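Here's the structure we're looking at; comments come further down.
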2 protein chains.
Amino acid sequence: MTRFSNSVANLRSSEIRDLMSLATAPNMISFAGGMPGNELFPLETIDTIYNSLTDKEKQVAMQYGPTTGLPNLLESLSDYLGAKGLPVKSNRLIITTGSLQAIHILAKAFLDPGDPVLVETPSFIGALSAFRAYQANLVTVPLNGDGLDIGQLKKRLENTSPKPKFLYYSPNFHNPAGIIYSEEVKRQMVDVLKDQEIPIIEDDVYSDLWFHEEDVPKMQLIKTMDPEGIDVCFTGSFSKILGPGLRLGWMLVPESIYRKCELIKQSIDACSPSISQVIADKFIREGHIHQYVAQVRDEYKRRGAAMIESLEACLPEYVTFEKPRGGFYTWLRLPEGADATEILKKAIEKGVVFVTGKTFDPDGIKNNHMRVSFCNTDVETIKRGIPLIAEAIRDILD
Amino acid sequence: MTRFSNSVANLRSSEIRDLMSLATAPNMISFAGGMPGNELFPLETIDTIYNSLTDKEKQVAMQYGPTTGLPNLLESLSDYLGAKGLPVKSNRLIITTGSLQAIHILAKAFLDPGDPVLVETPSFIGALSAFRAYQANLVTVPLNGDGLDIGQLKKRLENTSPKPKFLYYSPNFHNPAGIIYSEEVKRQMVDVLKDQEIPIIEDDVYSDLWFHEEDVPKMQLIKTMDPEGIDVCFTGSFSKILGPGLRLGWMLVPESIYRKCELIKQSIDACSPSISQVIADKFIREGHIHQYVAQVRDEYKRRGAAMIESLEACLPEYVTFEKPRGGFYTWLRLPEGADATEILKKAIEKGVVFVTGKTFDPDGIKNNHMRVSFCNTDVETIKRGIPLIAEAIRDILD
């Protein structure tokens, strides 16, 4: 009899995967994924980079590197983040094997079994699974259109003992809710948590993908504000601005947290893939990243607009949503009591999939939302697929 | 005040790194590392592979893959391991971000704080750090020239309560001890542990690097014996037979363990680097691996022979060692009570480094050994460096 650890009992496979295994239609349209479209990867640029590598650089790509990252990439990424106003000089950067690993390492650094952590409802499923892996007590704070409900945050803090170990949040083009946090809400969060000495994990992987330049000023990160008296652990990723297959992310954290996280990373995978780091460094250092981000931003904007148009044309009036202003996702609100799982089963019959709301509910219950992604389907497919989504909703709810 | 988790307190940075930061000589000769020589990587083959990739394959390389690995690599690696006699059909394979991640995942799957685990003295430092990260109680069993001391293993089992969660061991060209386990010892281990229902983690990353073909039959893995009634978790790596910078390893485990490990990996980094997996798949599938392994095996054999020759010529007679028959390491035995750290400090003054014995002692105490690697230094450098090592020993111990 194999005797597993207690923490493993907390981990579950996601409903979407279980349901997808039932899906047999050959040309399934997927609004489920959170990945870039395959056709958007900068293959020519990667070819140019690969073919320009010296033998010495290729040797570095094949060799172990330092646990915290290759010096070249730390330098170029530091410049990239510094130019966005992030406090790269007063904090330390660690290259991680995707930003999920950064979140996982922070979870391991802070959490003992049963420790409370503050999370948004809804929240990024990957972070929830990292926190569950350390048997966290997920204390939920609902999300409004402009960010965390501050009144509810205060109430949770009053009623939670011991004090939560950190708050995890995602400021821009939230996964799954699609929202941008207002400056006011971010300021209030800092004030509330600073008094309590509760660190913030700020997970920002979509902010380069804005559709409207006028939104940029209000997307300022708490890490950029660099507020005194509060530890902000900033995490980010190359997955949305280069390619998730490289498995590269980062964390920018205060020195004391850096030292612990380095030791944890050393025990997890020793170092992040050097081959990916060599490519990512050149991608930033040679300036390709600016042109590429501008290009995919335009394409996601086109897809987002097509999705908004289709949704407005097809959805029953009892389904509401905020128009996405960037990122990858639209978050549809169904009437109270509706069950997105029933709609998903019907949608699969029609050849289209999305992700149910309860997947992102830390309590795994609230299911009257649907996450419909526009990142990985072209405009034509969006126009074909969204009417099927609307049909599935009507079949179940009308 | 940042409040870290209890498990983090267990993690320490290694002495070698702390000492190395003191080393300032510009042309330091390193017998410390456990990495292949940079000049040995198959750069031309990697170029050929990269340039033969279709756009579709490059897209796969840039995209997320399944948590357990890209289907192509799972297939080709399965064939590769199956040809070695590993039970790939009755077990499940997971591609991991280096074999250290495989060990880390297994530690997480099995360990609650304080759980005992059986480890060799000396033992692989990476595994020890993964077990410490889960607050394991490291129960040590001494290593003889033919493997674990079975009498001591039985004694530890009698005296350890609760029952150890698993035994971790490394069968071939042990890191750091350099030994090959005998078939007899492996059979006895199975008998002892099967009775107690204690799983084995069998970590085998060097076995392709034998110097004498006649050793191959006795290097049979416990996983290959596929003994009934005992869970054997086999781990391996591309680091020594292709390149550690790819960060690719694997585990081959029974179905029930596979399911838990998949969920854990999902929470750690979602999937291993696709770009590395695409390259590794071609490297195996197109047969390059056989030629390459034969080539590096020859080179390591030359380096190992040069090291043996230099050591025999220079070492004082009170330092003894087993001649390495493969792998990366020579393990020098100093007189009882000698302190390898003192020798290391002296060696650094002379421009040469190695790793102290206590680094590999699970208790971090026993220090009358030195690990001297021959993997990452060419024959000429070995001939220059070993006399300096011998000088440092004499300076301290004579």
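In table form, for the structure just shown:
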{"quantity": "Hey, A:Lys345 over 18 Å from A:Pro324 (Cα atoms), of a type in the set (Lys, Arg), touching a strand residue (DSSP E or B) at 6+ places or on another chain (Cβ under 8 Å) and not assigned by TED's automatic domain parsing to the domain that holds A:Pro142 or not", "calculated": "no"}
{"quantity": "Filter result (in a loop (DSSP other than H, G, I, E, B), surrounded by fewer than 20 Cβ atoms within 10 Å (Cβ to Cβ) and among the small types (Gly, Ala, Ser)) within the range A:30-57", "calculated": "A:Gly33, A:Gly37"}
{"quantity": "Residue count for the range B:58-74, restricted to those that are outside any loop (DSSP other than H, G, I, E, B) and surrounded by 16 or more Cβ atoms within 10 Å (Cβ to Cβ)", "calculated": "8"}
{"quantity": "Yes/no for A:Gly236 being surrounded by 21 or more Cβ atoms within 10 Å (Cβ to Cβ) and more than 14 Å from chain B (Cβ to nearest Cβ)", "calculated": "yes"}
{"quantity": "Among residues of the range A:126-162, those that are assigned to a helix (DSSP H, G or I), touching a helix residue (DSSP H, G or I) at 6+ places or on another chain (Cβ under 6 Å) and within 14 Å of chain B (Cβ to nearest Cβ), counted", "calculated": "7"}
{"quantity": "Residue within the range B:257-271 that is crowded, with 23+ Cβ neighbours inside 10 Å, facing chain A (nearest Cβ under 8 Å), in contact with a Leu (Cβ under 8 Å, 6 or more places away or on another chain) and among the charged types (D, E, K, R) present", "calculated": "yes"}
{"quantity": "Condition met for B:Ile49 (at pLDDT 75 or above and hydrophobic (A, V, I, L, M, F, W, C))", "calculated": "yes"}
{"quantity": "Extreme residue, surrounded by the most Cβ atoms within 10 Å (Cβ to Cβ), among residues of the range B:79-122 that are within 11 Å of chain A (Cβ to nearest Cβ) and among the acidic types (Asp, Glu)", "calculated": "B:Asp115"}
{"quantity": "Where a residue in the range B:195-222 is under 23 Å from B:Lys323 (Cβ atoms) and within 14 Å of chain A (Cβ to nearest Cβ) and its partner, wherever it lies, is assigned to a helix (DSSP H, G or I) and not acidic (Asp, Glu), with Cβ under 6 Å and at least six apart", "calculated": "B:Val205/B:Ser99"}
{"quantity": "Counted residues, the range A:105-125 - those being without any contact (Cβ under 8 Å) to a residue 40 or more places away in the chain, on the phi < 0 side of the Ramachandran plot and part of a loop (DSSP other than H, G, I, E, B)", "calculated": "1"}
{"quantity": "Which listed residue, of A:Thr320, A:Thr341, A:Thr330, is among the hydroxyl-bearing types (Ser, Thr, Tyr) and within 21 Å of the chain's Cα centre (by Cα)", "calculated": "A:Thr330"}
{"quantity": "Residue check, B:Leu246 crowded, with 24+ Cβ neighbours inside 10 Å, in the same structural domain as B:Gly69 (by TED's automatic domain parsing) and more than 15 Å from the chain's Cα centre (by Cα)", "calculated": "yes"}
{"quantity": "Members of the range B:307-340 that are surrounded by 16 or more Cβ atoms within 10 Å (Cβ to Cβ) and part of a helix (DSSP H, G or I)", "calculated": "B:Met307, B:Ile308, B:Ser310, B:Leu311, B:Cys314, B:Ala340"}
{"quantity": "Selection within the range B:367-389 - of a type in the set (A, V, I, L, M, F, W, C), assigned to a helix (DSSP H, G or I) and buried (at least 23 other Cβ atoms within 10 Å of the Cβ)", "calculated": "B:Ile382, B:Ile386, B:Ile389"}
{"quantity": "Residue ID - surrounded by the fewest Cβ atoms within 10 Å (Cβ to Cβ), chosen from residues in the range B:272-289 that are small (Gly, Ala, Ser) and part of a helix (DSSP H, G or I)", "calculated": "B:Ser274"}
{"quantity": "Subset tally (residues that are more than 10 Å from chain A (Cβ to nearest Cβ) and under 29 Å from the mean Cα position of the chain (by Cα)) for the range B:49-65", "calculated": "1"}
{"quantity": "Residue check, A:Phe173 under 28 Å from A:Leu209 (Cβ atoms) and within 14 Å of chain B (Cβ to nearest Cβ)", "calculated": "no"}
{"quantity": "B:Asp226 of a type in the set (Asp, Glu) and under 15 Å from B:Lys84 (Cα atoms)", "calculated": "yes"}
{"quantity": "Single unsatisfied condition, B:Tyr292 versus (1) aromatic (Phe, Trp, Tyr); (2) within 14 Å of chain A (Cβ to nearest Cβ); (3) crowded, with 21+ Cβ neighbours inside 10 Å", "calculated": "(3)"}
{"quantity": "Selection from the range B:33-45 of residues that are small (Gly, Ala, Ser) and either farther than 13 Å from B:Thr381 by Cβ or at pLDDT 95 or above (or both)", "calculated": "B:Gly34"}
{"quantity": "Whichever residue in the range A:341-365 is in contact with a Ser or Thr (Cβ under 7 Å, 6 or more places away or on another chain) and not polar (S, T, N, Q) and, among such residues, is surrounded by the most Cβ atoms within 10 Å (Cβ to Cβ)", "calculated": "A:Leu344"}
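Residue-wise test of (1) surrounded by 21 or more Cβ atoms within 10 Å (Cβ to Cβ); (2) part of a helix (DSSP H, G or I); (3) of a type in the set (A, V, I, L, M, F, W, C).
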{"site": "A:Pro164", "(1), (2), (3)": "yes, no, no"}
{"site": "A:Asp191", "(1), (2), (3)": "no, yes, no"}
{"site": "A:Ile201", "(1), (2), (3)": "yes, no, yes"}
{"site": "A:Asp208", "(1), (2), (3)": "yes, no, no"}
{"site": "A:Lys218", "(1), (2), (3)": "no, yes, no"}
{"site": "A:Pro227", "(1), (2), (3)": "no, no, no"}
{"site": "A:Leu242", "(1), (2), (3)": "yes, no, yes"}
{"site": "A:Trp250", "(1), (2), (3)": "yes, no, yes"}
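The values are calculated or read from the model by the stated rules, or taken from the named source; none is laboratory data. Since we're looking at a predicted model, the values are computed, not measured. Glycine also receives a Cβ, built like all others from the backbone with ideal geometry; neighbour counts cover every protein chain displayed.
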